[in-house]
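In what follows, a single structure is set out as structure tokens and then discussed.
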Amino acid sequence: MIKVKKNGKKCWVTFTVSADDCKGMSLKGSWDDWKLSPMKQKKNGDFYITKILPANSLYEFGYITDSSDWITDDTLPTVSSPFGSLNSVLEL
């Protein structure tokens, strides 16, 4: 799930994902050259992270589990990646 709060030329984007039997989750996206960003875990087991991103832009991203599985956000469209997987698409 994605929550976006726009403020001028910036957007505060909160990424939230639930993953059963997962002890860790990270976010990777095109906004920072696909650097790994570890997510925090809520008491209910969901993982989350907030990023400040430029508005009026298009980004690709995905979540990587502690077992190295690549997953997409089920609330957003996806596109094929050069690695044979899918990336989520976020338009701000």
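The values are calculated or read from the model by the stated rules, or taken from the named source; none is laboratory data. Remember, predicted model here, so these are calculated numbers, not experimental data. Methodologically, a virtual Cβ is constructed for each residue, glycine included, from the backbone with ideal geometry; neighbour enumeration extends over all protein chains shown.
Look through Ser88, Ser68 and report the one residue that is of a type outside the set (Phe, Trp, Tyr) and not in a strand (DSSP E or B).
The match here is Ser68.
Search the range 55-92 for residues being among the acidic types (Asp, Glu) and touching a residue at least 24 places away in the same chain (Cβ under 8 Å), and hand back the single one that is surrounded by the fewest Cβ atoms within 10 Å (Cβ to Cβ).
Glu91
Name the residues in the range 48-64 that are in contact with a strand residue (DSSP E or B) (Cβ under 6 Å, 6 or more places away or on another chain) and either of a type outside the set (A, V, I, L, M, F, W, C) or not in a strand (DSSP E or B) (or both), would you?
Tyr48, Thr50, Lys51, Ala55, Tyr59, Glu60, Gly62, Tyr63 - these are the residues of the range 48-64 that are in contact with a strand residue (DSSP E or B) (Cβ under 6 Å, 6 or more places away or on another chain) and either of a type outside the set (A, V, I, L, M, F, W, C) or not in a strand (DSSP E or B) (or both).
Can you tell me which residue is surrounded by the most Cβ atoms within 10 Å (Cβ to Cβ) among those in the range 4-23 that are modelled with pLDDT of 95 or more and among the polar types (S, T, N, Q)?
Thr16
For Phe47, indicate whether it is closer than 11 Å to Val17 by Cα and surrounded by 15 or more Cβ atoms within 10 Å (Cβ to Cβ).
yes
From (1) in contact (Cβ under 8 Å) with a residue 60 or more places away in the chain; (2) in a strand (DSSP E or B), pick out the condition that doesn't hold for Trp12.
Of the numbered conditions (1) in contact (Cβ under 8 Å) with a residue 60 or more places away in the chain; (2) in a strand (DSSP E or B), the odd one out for Trp12 is (1).
Of everything in the range 42-56, what is over 14 Å from Ile2 (Cβ atoms) and polar (S, T, N, Q)? Give them in sequence order.
If the condition is that a residue be over 14 Å from Ile2 (Cβ atoms) and polar (S, T, N, Q), then Asn44, Asn56 are the ones that fit.
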